[in-house]
1. Out of all the residues in segment 174-200, which are within 11 Å of the ligand (Cβ to nearest atom) and among the acidic types (Asp, Glu)?
2. Residues in segment 127-169 that are outside any loop (DSSP other than H, G, I, E, B), open to solvent by 70 Å² or more (accessible area, probe 1.4 Å) and closer than 25 Å to Leu86 by Cα: how many?
3. Of all residues in segment 201-221 being β-branched (Val, Ile, Thr) and surrounded by 16 or more Cβ atoms within 10 Å (Cβ to Cβ), which is nearest to the ligand (Cβ to nearest atom)?
4. Do you know which residues across segment 109-163 are more than 16 Å from the ligand (Cβ to nearest atom) and in contact with a His (Cβ under 8 Å, 6 or more places away or on another chain)?
5. Tell me whether segment 68-89 contains one or more residues that are within 20 Å of Ser295 (Cβ to Cβ), of a type in the set (Val, Ile, Thr) and in contact with a Leu (Cβ under 8 Å, 6 or more places away or on another chain).
6. Taking segment 58-101 as the search range and keeping residues that are within 21 Å of Pro221 (Cα to Cα) and polar (S, T, N, Q), which one is farthest from the ligand (Cβ to nearest atom)?
7. Among the helices (runs of 4 or more DSSP H) lying completely within segment 243-360, list those that include at least 1 residues that are of a type outside the set (Phe, Trp, Tyr) and open to solvent by less than 10 Å² (accessible area, probe 1.4 Å).
8. From Ala29, Ala91, Ala102, which residue is farther than 21 Å from Ile232 by Cβ and touching a Gly at 6+ places or on another chain (Cβ under 6 Å)?
Amino acid sequence: VNKHNFYSGPAVLPSEVLEQVQQALVDFAGTGLSILEVSHRSPSFVAVMDSARALARDLMGLDDAYEILWLHGGGNTQFSMIPMNLLHPHATAGYFDTGIWARSAMEEAQSFGQVQVIASSRASSYDHIPQDWDIGSTPLSYAHITTNNTVYGTQWRLSDIDRLKSLVPYMVADMSSDIFSRDIDYSGFGLIYACAQKNLGAAGVTIVAIRRDILATMPRPIPTMSDYRVHIAHGSMRNTPSVFAVYVAYLTLQWIKRTGLDTIAIRNQRKATKLYAAIDASSIFKGMVQPAYRSGMNVCFTTGDSTYDTRFSDYVKPYGIIGIEGYRLVGGFRASIYNALPEASVDVLIAAMLDFEASL
Ligand SMILES: Cc1ncc(COP(=O)(O)O)c(C=O)c1O
């Protein structure tokens, strides 16, 4: 396929993974059955589940104080499961309002307990990660952050994450759009979650890494399928898991392991650096967020003029560039340059930007 896929999710996958998936659609692990036909209780699939769990734990460098879960319901379901399981009715959780997803997570929590908005960048169209933190006077149960704001193209700096860690009992992080993309100490969190359809595979499964001790006291009766303890007890098989999506995540984790997290981080850095450099050097395009908080995964830029933006959208089509339009409420462009996006695709986008500028 000769496309340069900049979609924000579902997103580009490693071609090796797609080839393996293609094979497994016909014959999964020599069973003579398609991955779509195989029982989730069959030994071959149970082995996939176990290996996916072990690989994720290994790549995150987490010890056995943590459980790895593969759940349904996407990132959005975690927004309510987290406070339901972790926030007692009169306790307070701290949230950062740094974008649409961060805000949704925060709003869901308000139904279950008190929410302290530690900081918000809403007033400036979410163009940065705010530094003016108000932890409040009530001790916080946890602090929730969205490490990468997919829609706006901002990302938490590791130094800010470390600073926050020292202020709260534990952190909860939505890493949907930057998991396994950079060198981060995963062990400092109480709970990490990420929907799979960006850096981890196909839509339909969400990874949750949770430190068991934070579930010691349950704040309320919890419906079975929203209870982390139930999923832990059943090895993420309390109901039929998304067999296909778990399989693709397993293959993608293997690809990450094979490639090496360090190598992936270096490649990502190179892709982002050259794309931002092209934006900064351009006389027509400009970046949409404050440089210190630029995302290494979602690069947002615009001409600042919707006529030119529309022209550029059309202009890139012959290059095979797809999926660069910004989120519908934000406009402009968003090039998602996840782990599996080849550097060559970034080069093509930069060439198209230069050609467009020269054509004006
Ligand atoms: C950071 C972040 N969190 C959560 C979500 C929502 O995920 P889902 O659509 O799987 O519910 C997204 C989706 O784009 C996201 O980017």
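The values are calculated or read from the model by the stated rules, or taken from the named source; none is laboratory data. Since the model is a prediction, treat every value here as computed from it, not as a measurement. Here the Cβ positions follow ideal geometry from the backbone for every residue, glycine too, while neighbour counts run over all protein chains shown. SASA here: full protein model, heavy atoms, side chains in, ligands and nucleic acids out. Shrake-Rupley method; radii C 1.70, N 1.55, O 1.52, S 1.80 Å.
1. Asp174, Asp178
2. 2
3. In this case the residue turns out to be Thr206.
4. Those that are more than 16 Å from the ligand (Cβ to nearest atom) and in contact with a His (Cβ under 8 Å, 6 or more places away or on another chain): Gly113, Gln114, Ser141.
5. no
6. Out of the qualifying residues, it is Thr92.
7. 243-259, 261-281, 343-359
8. Ala91
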